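J.: Attaching a single structure in structure tokens format; questions to follow.
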Amino acid sequence: MEGTENHGRRKSRLEVVERKAEAVRLMFQLYASGKGYKAIVGRINREVYRTKLDNAFSVAQIKSILTNPVYIGKVRYDVRRDWNEKRRNNINPNPIVADGKHEAIISEELWEQVQFMISQKNGKPARIYDGEYPLTGILKCPQCGAGMVISRTTNRNKDGSKQKLTYYACGNWKNKGTTVCHSNMVRVEKANTFVYNQLDKLLSDEKFFKEVVGRVNREHRILKENAIKEREVQEKSLEKSRFANRETMNFTKTARFPGRNF
Ligand SMILES: [Zn+2]
């Protein structure tokens, strides 16, 4: 009986490993065929792991898998220069790679091809989003509550010209794909203007200001009152325990020396 159970567990563990290997193989193949991280993450989560939320792969995980030589049967040492430091620039650009004792999941040719393609892509300047998008992370996805991030699309106009549009989109969707959430996109200009207008209205509204100040004062007063109440309660209970101690001492005296009068 126990043996069967163990066997079943071993089998399901093997299935997980097989599934992961399948996902990794697909990742490398898709990347080599020119697909972007977003497309890869979507497909993997949809086809291989169409399961729970927390099982879904993220773009960051796929990036790290695609550069890990463990999948061609090698082991990577010395990745961090200083293990006490976890900063990003602590990563050693030339870690030691050695043959491991495990089986390769993908071929070395495929791995090399992917590494080459990644290095080509890394040569391009990174996109940096700064003050232009002040609501990044502040806006929350109405569906899942994740912070909204910047997402760009290129639309083709009727006359054939291209137009780049920038949106705030669900961070979960951007990172993990449509299995997890929808894009729930909103144009950056539209969202910024709306929020600026609301802020403007609030700040120029004297009544609103007074209300905020009044609320802060009220909260402060309540906090103070609560603190005073709490101190009173503590003092009372301290007084009580002092009294109880005295009682116990009196009791001990009489108990220890019965019949004698002190
Ligand atoms: Zn969402």
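Readers should treat all values here as calculations from the given coordinates under stated rules, not as data from a laboratory. Please read all numbers here as calculations on a predicted model, not as lab measurements. Backbone-built Cβ (ideal geometry, glycine too); neighbour counts: all protein chains shown.
J.: Calculate, for residue 208 and residue 237, the FRET efficiency according to 1/(1 + (r/R0)^6) with r their C-beta to C-beta distance and R0 30 Å; round to the nearest 0.05.
T.: 0.10
J.: Lysine pairs in segment 163-209 with alpha-carbon atoms under 25 Å apart, 8 or more places apart or on different chains: how many are there?
T.: Numbers: 164/174; 164/176; 164/190; 174/190; 190/201.
Lysine pairs meeting the criterion: 5.
J.: Could you rank the peptides 229-236, 133-140 by their average count of other C-beta atoms within 10 Å per residue, with the highest value first?
T.: Values: 229-236: 10.0, 133-140: 15.6.
Sorting 229-236, 133-140 by mean packing, highest first, produces 133-140, 229-236.
J.: Turning to a different aspect of this structure: Using 0.36 nm per residue of separation minus the Cα-Cα distance, give me the extension gain between residue 198 and residue 159 in nm, one decimal.
T.: 10.4 nm
J.: Something else now. Please give the contour-minus-distance gain from residue 46 to residue 216: 0.36 nm per residue of separation, less the Cα-Cα distance, rounded to one decimal in nm.
T.: Gain on extension, residue 46 to residue 216, equals 56.3 nm.
J.: Also, quick follow-up: Just grab the label-to-label distance for residue 229 and residue 67, each label 7 Å out from Cα along the Cβ direction, in nm (one decimal).
T.: Distance between the two pseudo-spin positions: 5.6 nm.
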